[in-house]
Amino acid sequence: MQTGLLKSKEDVSLLVDAFYKKVRRNDVLGPIFNSQIIDWPAHLDHLSNFWHSSLFHSGSYRGNPIIKHTEVDLKADYQITQVHFGIWLQLWFETIDANFHGETAQLAKNRARNMSTFIFLKIFEARKRE
């Protein structure tokens with residue numbers, strides 16, 4: 001499959017949509033995401049704004065990923081582990097590699113890797129406070 005550059009809001013939306021199709025079908029991640037997200041179109045739009053802001057400094061995202069992920073962990077009865085984050089990263093990288101190449105695609109991988117580590121640590125810090 002020929003890949004293109006990741007260069008626009010539309011590209012980010014395509015990436016996010018393709019990625020979350022994989023997440024929703026995944027045996028480990030799917031049950032968590034599908035049980036907690038009610039309005040998938042709104043969620044995908046929100047995440048597209050997040051990634052567009054992260055990659056292109058657009059300022060279109062409003063939210064706090066740390067709070068959201070700690071809430072998800074609570075609702076999942078504190079069952080989120082490193083395995084979940086590893087699968088998430090694997091699917092993210094696969095989706096990028098299948099659709100995009102270039103500097104921004106690599107940046108999307110690096111940001112996801114850093115973010116997953118940070119969020120994982122923050123989830124466990126929040127568990128200690130409860």
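Structure notes:
- Pairwise label distance in nanometres, Phe124 with Lys9, each label 7 Å out on the Cα-Cβ vector: 3.8 nm
- Average silhouette area of the chain, convex hull of alpha-carbon atoms, in square nanometres: 7.8 nm²
- In terms of other Cβ atoms within 10 Å, Asp45, Asp77 run from fewest to most in the order Asp77, Asp45.
- Loop-located trypsin sites (Lys or Arg not before Pro) in region 1-97 (DSSP state not H, G, I, E or B) with no more than 16 neighbouring Cβ atoms inside 10 Å: Lys7, Arg62.
- Inverse of mean 1/r across different Cα pairs in region 84-130, Kirkwood, Å: 11.6 Å
Since every read-out is calculated from the coordinates, none of them should be taken as a lab result. Here the structure is a predicted model, which is why all the values come from computation and not from measurement. A quick note on method: Cβ atoms are made from the backbone with ideal geometry, for glycine too, and the neighbour counts reach across all protein chains shown.
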